[in-house]
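The values are calculated or read from the model by the stated rules, or taken from the named source; none is laboratory data. No experiment lies behind these values; they were computed from the predicted model shown. As a convention, Cβ positions derive from the backbone with ideal geometry for all residues, glycine included, and neighbour counts pool all protein chains shown. Only protein heavy atoms, including side chains, enter the accessible area calculation; ligands, DNA and RNA are left aside. Shrake-Rupley method; radii C 1.70, N 1.55, O 1.52, S 1.80 Å.
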Amino acid sequence: TLGMDLIIRQRLANSNMSPEQMQQAIERATSPAATYITYCAVLLGAPLSMMVVAGALFAFGLMTKRAPKYASMLAMVCLSFFPYFLVTVIMTIIVVLAAPDKTALDLSNLLATNVGAFVSKSGTSKGMYALLSSLDLLSFIEIGFLSFGFSKLTKSGFFGGFGAVISLWILYVLSKMALSFFQ
């Protein structure tokens, strides 16, 4: 079955923990309290991330001819992310249901829509793997939706919106690459 136990086991597979330490970590991570904390983090993380993206785009929007309201920017960001979430949830359900052996699934690349899914994680440096896993087809479609929405709200043109969104995406990827060295 596909549960928290399998997720934690895959995350710790490349660590330098002894089997006893790994078992303790799995037991802590699969406790009811840790499970509820994980669910709460997901429930709070999604809206907070939408608010952060909207805030960053709002800051870019203040530099345009027609500065938008934050509420309008937040609505645009939520509407832009809806197709992304819908497609990823449907694709994930299909992959999980179609998999004959759920324990063989690579949970960090469940949907092979990024370049990182096709390279060896152990044979690639952490920073390069973070970059390659960011080169994602669904993310590029999301960048297009956000660029279009930003350009309509600010009357800046599609390439103005694209510049704002791609700047944020590059900052995100660079941060992801930097943080990968601490894992």
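Considering only C-alpha atoms, what is the centroid distance from the stretch 152-183 to the stretch 1-68, in Å?
20
Excluding ligands and nucleic acids, what accessible area in Å² is computed for K155 using a 1.4 Å probe, to the nearest 10?
120
Step through the residues of the stretch 44-60 one at a time and calculate ³J(HN,Hα) from phi using the Karplus curve (6.51 cos²θ - 1.76 cosθ + 1.60, θ = phi - 60°), rounding each to whole Hz and writing x for Gly and Pro.
Along the stretch 44-60, the couplings run 8, x, 5, x, 5, 5, 4, 5, 5, 4, 4, x, 5, 5, 4, 4, 5 Hz.
If you take every residue apart from L131 with its C-beta less than 15 Å away from the C-beta of L131, what net charge results, scoring Lys and Arg +1 and Asp and Glu -1?
With Lys, Arg at +1 and Asp, Glu at -1, the neighbours total +2.
Kindly write out, for the stretch 160-172 in residue order, the coupling ³J(HN,Hα) from the Karplus curve 6.51 cos²θ - 1.76 cosθ + 1.60 (θ = phi - 60°), rounded to whole Hz, with x marking Gly and Pro.
Per-residue couplings from phi come out as x, x, 4, x, 5, 5, 5, 4, 5, 5, 4, 4, 4 Hz.
Could you name the lysines whose alpha carbon sits less than 30 Å from that of K121, not counting residues in the same chain fewer than 8 places away?
The qualifying lysines are K102, K176.
Which of these, S151, S125, S134, has the largest mean-square fluctuation under a Gaussian network model of the chain (Cα springs below 10 Å)?
Top of the fluctuation ranking is S125.
Given a 1.4 Å probe and heavy atoms of the protein chains only, how would you sort E20, E142, largest accessible area at the top?
Largest accessible area first, the residues go E20, E142.
What is the pair-distance distribution P(r) of the stretch 22-119, computed from all Cα-Cα distances in 10 Å bins starting at 0, with each bin given as a whole percent?
12, 26, 33, 20, 7, 1
For the chain, what does the relative contact order come out to in percent, with C-alpha contacts under 8 Å and a separation of six or more?
21
Would you mind checking the tilt of helix 137-154 against the longest principal axis of the Cα atoms of the chain, expressed as 0 to 90 degrees and rounded to 10?
Relative to the chain, helix 137-154 is tipped by roughly 30 degrees.
How much accessible area does M63 have with a 1.4 Å probe, in Å² rounded to the nearest 10?
For M63, the solvent-accessible surface is approximately 140 Å².
If one takes the longest principal axis of the Cα atoms in the chain, at what angle in degrees, from 0 to 90 and to the nearest 10, does the Cα axis of helix 70-98 lie?
For 70-98 against the chain, the angle is about 30 degrees.
What number comes out for the charge environment of G157, summing +1 per Lys or Arg and -1 per Asp or Glu over other residues with Cβ under 14 Å away?
So the surrounding residues net to +4.
Could you report the accessible area of F118 in Å², rounded to 10, computed with a 1.4 Å probe on the protein chains as they sit in the structure?
Counting only protein heavy atoms, the figure is 150 Å².
Which entry is the computed P(r) over Cα pairs in 10 Å bins from 0, in percent for this structure: [x] 8, 27, 34, 21, 8, 1, 0; [y] 7, 15, 12, 11, 10, 9, 8, 7, 6, 5, 4, 3, 2, 1, 0, 0, 0; [z] 9, 36, 35, 16, 4, 0?
Given [x] 8, 27, 34, 21, 8, 1, 0; [y] 7, 15, 12, 11, 10, 9, 8, 7, 6, 5, 4, 3, 2, 1, 0, 0, 0; [z] 9, 36, 35, 16, 4, 0, the structure-derived one carries the label [x].
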